[in-house]
Amino acid sequence: MAQLYRYTNFAHFIQVWLMNMACLCTAEDFRQITVDYAAEAAGFGAVYLEAIFSPCERVQRGVGWDELFTGYTEGAVEAYERYGVTVRFTPDVYRGVDVELAEQCARVAVRYRDRGVVGLGIGGAEVDRPVAPYRRAFRIARDGGLGVVPHSGETDGPESIREVLTVLEPDRIRHGVRAVEDSKLLADIAGRGIVLDVCPTSNLRIGVVSTVDEHPLPVLRAAGVRCTVNTDDPAMFDTDLGREYEIAAALGVSAEDAYLAGLAGALCDGPTRAQLAAIV
């Protein structure tokens, strides 16, 4: 089992991730994984999460939209009741998925907006898989009151990030670390105030960086880019919030820095934002 989780590249990671996802089939599964992760996160002092799940892959395997979304959102209610952690959701479509299915996902996400869905993202392999075909899906999400939070700039470089900025006009970018390869792009991200969701261990495990000491987080911060600190797929990468914050601290980003970046980039409503601001 340990060998299985030693990824040779991003494609291998996706292969193993799909094996894991095949174990999640019912609303109860989705509820349980939400509650269990909230319990773990609460142990590290988390008070607010914008969690990602990938519904299209599950729907393609026969799971119903409402089975998915109901399970996750009911899990969020229980997570708050038991652990005091507010869980919101930013479901992902993935690059290469059928465009009509992505648009259907956007409509369902909007329908669950009043139950805790706050954004729509896009993940998967970036190389040779542009986001332009999904422009309409993200317009549906935006028109329905959801934020836009794509993955970009992890397995591909600055051009991937530029396309996302132009086509999707994101509220935040997941990863985005390879923006350091282009000084003009880096300045643009900083100037727009776009928050990056940075996941150091993920970047290490799939080969974006060779060692933690090489991670571009200090360069991003020096350029004025606000960066949150995240686990990405904690079970897949054998990490947790505590470890990620320790790495970030070693790279010069304090817990307060990361919290303030999270507050700046959060897609939550006004009252929730006020509560989070009061903690600072």
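The values are calculated or read from the model by the stated rules, or taken from the named source; none is laboratory data. This structure is a prediction, so every number in the text was calculated from the model and none was measured. Cβ sites come from the backbone with ideal geometry, for glycine too, and all protein chains shown count toward neighbours. Side chains are part of the model used for accessible areas, which takes the heavy atoms of the whole protein and leaves out ligands, DNA and RNA. Shrake-Rupley method; radii C 1.70, N 1.55, O 1.52, S 1.80 Å.
In the stretch 42-66, the residues that are in contact (Cβ under 8 Å) with a residue 60 or more places away in the chain form Cβ pairs under 7 Å with partners that are open to solvent by 30 Å² or more (accessible area, probe 1.4 Å) and assigned to a helix (DSSP H, G or I), at six or more places apart or across chains, as follows: 47/279.
Restricting 117, 63, 85 to those that are closer than 22 Å to residue 17 by Cα and not charged (D, E, K, R) reduces the list to 63.
Of everything in the stretch 32-56, what is of a type outside the set (Val, Ile, Thr), closer than 17 Å to residue 235 by Cβ and crowded, with 19+ Cβ neighbours inside 10 Å? Give them in sequence order. Give the derivation first.
Narrowing the stretch 32-56 to residues of a type outside the set (Val, Ile, Thr): 32, 36-46, 48-51, 53-56.
From the residues that got through so far, the ones that are closer than 17 Å to residue 235 by Cβ too are 32, 36-44, 46, 49, 51, 53-54.
Within the stretch 32-56, 37, 38, 41, 49, 51, 53, 54 meet the criteria.
Given (1) in a helix (DSSP H, G or I); (2) in contact with a Pro (Cβ under 7 Å, 6 or more places away or on another chain), identify the lone condition not met by residue 53. Evaluating residue 53 over (1) in a helix (DSSP H, G or I); (2) in contact with a Pro (Cβ under 7 Å, 6 or more places away or on another chain) leaves (1) as the failure. Restricting to the stretch 103-128, and then to whatever is of a type in the set (A, V, I, L, M), under 17 Å from the mean Cα position of the chain (by Cα) and modelled with pLDDT of 95 or more, can you tell me which residue is most open to solvent (accessible area, probe 1.4 Å)? Of everything passing the filter in the stretch 103-128, 118 is most open to solvent (accessible area, probe 1.4 Å). Applying the criterion of at least 1 residues that are of a type in the set (A, V, I, L, M, F, W, C), touching a Lys or Arg at 6+ places or on another chain (Cβ under 8 Å) and under 21 Å from residue 170 (Cα atoms) to the helices (runs of 4 or more DSSP H) found wholly in the stretch 189-280 leaves 255-265.
Per-residue answers, yes or no, for (1) touching a helix residue (DSSP H, G or I) at 6+ places or on another chain (Cβ under 9 Å); (2) β-branched (Val, Ile, Thr); (3) under 22 Å from residue 91 (Cα atoms):
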| residue | (1), (2), (3) |
| --- | --- |
| 185 | yes, no, no |
| 193 | yes, no, no |
| 196 | yes, no, yes |
| 229 | yes, yes, yes |
| 234 | yes, no, yes |
| 239 | yes, yes, yes |
| 242 | no, no, no |
| 256 | no, no, no |
| 269 | no, no, yes |
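One residue is enough: does the stretch 180-193 have a residue meeting the conditions within 23 Å of residue 246 (Cα to Cα) and either in contact with a strand residue (DSSP E or B) (Cβ under 7 Å, 6 or more places away or on another chain) or β-branched (Val, Ile, Thr) (or both)? I'd like the intermediate steps shown before the answer.
Going through the stretch 180-193, the residues within 23 Å of residue 246 (Cα to Cα) turn out to be 180.
Imposing the further condition that a residue be either in contact with a strand residue (DSSP E or B) (Cβ under 7 Å, 6 or more places away or on another chain) or β-branched (Val, Ile, Thr) (or both) reduces the set to 180.
Yes, because at least one residue in the stretch 180-193 is within 23 Å of residue 246 (Cα to Cα) and either in contact with a strand residue (DSSP E or B) (Cβ under 7 Å, 6 or more places away or on another chain) or β-branched (Val, Ile, Thr) (or both).
Reported count of residues in the stretch 77-91, each being open to solvent by less than 10 Å² (accessible area, probe 1.4 Å) and either aliphatic (A, V, I, L, M) or touching a strand residue (DSSP E or B) at 6+ places or on another chain (Cβ under 6 Å) (or both), is 5.
The criterion of being under 20 Å from residue 199 (Cα atoms), within 19 Å of the chain's Cα centre (by Cα) and in a helix (DSSP H, G or I) does not hold for residue 72. Residues that are at pLDDT 95 or above and surrounded by 16 or more Cβ atoms within 10 Å (Cβ to Cβ) do occur in the stretch 20-27, at least one of them. Quick one: would you say residue 131 is surrounded by 14 or more Cβ atoms within 10 Å (Cβ to Cβ), among the aliphatic types (A, V, I, L, M), out of contact with any Pro (no Cβ under 6 Å at 6 or more places or on another chain) and in contact (Cβ under 8 Å) with a residue 40 or more places away in the chain? For residue 131, the condition - surrounded by 14 or more Cβ atoms within 10 Å (Cβ to Cβ), among the aliphatic types (A, V, I, L, M), out of contact with any Pro (no Cβ under 6 Å at 6 or more places or on another chain) and in contact (Cβ under 8 Å) with a residue 40 or more places away in the chain - is not met.
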